[in-house]
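Read-outs throughout are calculated quantities, based only on the coordinates presented, and are distinct from any laboratory measurement. This is a predicted model, so every value here is computed, not measured. FYI the Cβ positions are ideal-geometry reconstructions off the backbone, even for glycines, and counts take in every protein chain you see.
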Amino acid sequence: MKSVRILRAALPLILALLCCGCSARVKQYKIEVVKEYPHDTGSYTQGLFFHGGHFYESTGQFGESTFREVELETGKALSRMNFQPKYFAEGSVMLDGKLFILTWLNKVAFVYDAATLEYRQTYSYPREGWGLTTDGKSLIASDGTARLYFLTPEFKQERSVTVTMDGRPVRYLNELEYIDGKVWANVYTTDLIVIINPADGKVEARIDCSGLLPNKLRSPNTDVLNGIARDPATGKIYLTGKYWPRLYEVKLIPQN
């Protein structure tokens, strides 16, 4: 599994982030759960977002990858698109009437009609696919490094930035969400979310999500925190994780 392959390499970063004496310029937040909802424990969450009043999720793993519209209140899939077993689906987003989905190691990105989910096109993709979001003009992608890539809808690179906190690169950027002009990113294998200025890549805030899923709800299959979605109609923020049994509406609690 992906998390097993990367966990050992990520341990130095995890320790650095957890023990980081971040400067006063980096805001610190914890989270408070407002409401919880069921989440499919068969969903290895890769992408999570709202669009047009609907809630969507892409899921990974070879032989398990899907894209689905999800009913928020029940966690049930209202519709579901399955990928061929050779594909490991990753981040997803909708822009200009199209649905874009990355793959992890397959070096391709898929494009579908956002309304009908009919296949439109496949693009060659030169790096690992991880997270994907949009600022309304460009696609914004992560690849598990400390870089964010800004792409046209035709997957041509416009620019990239290195994400840093206190001058140090923040690697393992995973699922992404664009919120109020900033990029929120899960830091893979950790319970942290970083809020990034897309202009220069500097981390402006870090969110400690430790303890979000209580131990009593964990099973041997429960994996890491991953999945950030903001409903633009309400401003509410939702978090979940891979194979988690819960999706949480949360609010931020300032710590400094």
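Listing for the model above:
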quantity	calculated
Simple label model, 7 Å out from Cα along Cβ direction - Leu252 to Arg80, nm	3.5
The stretch 208-256: trypsin sites (Lys or Arg not before Pro) in DSSP coil with no more than 16 other Cβ atoms inside 10 Å	Arg218, Lys236
Net charge contributed by nearby residues that have their C-beta within less than 12 Å of Asp180 (K/R +1, D/E -1)	-1
Set Lys137/Lys236; Lys76/Lys98; Lys182/Lys216; Lys30/Lys86; Lys27/Lys242; Lys137/Lys242 screened for pairs whose C-alpha atoms are more than 32 Å apart	Lys182/Lys216; Lys30/Lys86
Net dipole in debye of the stretch 2-254 [+1 Lys, Arg Cβ; -1 Asp, Glu Cβ; about Cα centre; nearest 20]	660
Extension reserve of the Ser160-Glu204 stretch, reckoned as 0.36 nm per residue once the Cα distance is removed	14.1 nm
Exposure proxy ranking, count of Cβ atoms within 10 Å, fewest first, for Thr133, Thr162	Thr162, Thr133
Most positive-pole-ward Cα, Thr122, Gly63, Pro38, against dipole of the stretch 2-254 from beta carbon charges	Gly63
Charge-dipole axis of the stretch 216-256 as Lys and Arg at +1 and Asp and Glu at -1 on Cβ define it, positive-most pick from Asn221, Thr234, Asn256	Asn221
Within the chain, helix-based [θ] at 222 nm, where runs of 4 or more DSSP H residues each add -39,500 (n - 2.57), nearest 500	-2000 deg cm²/dmol
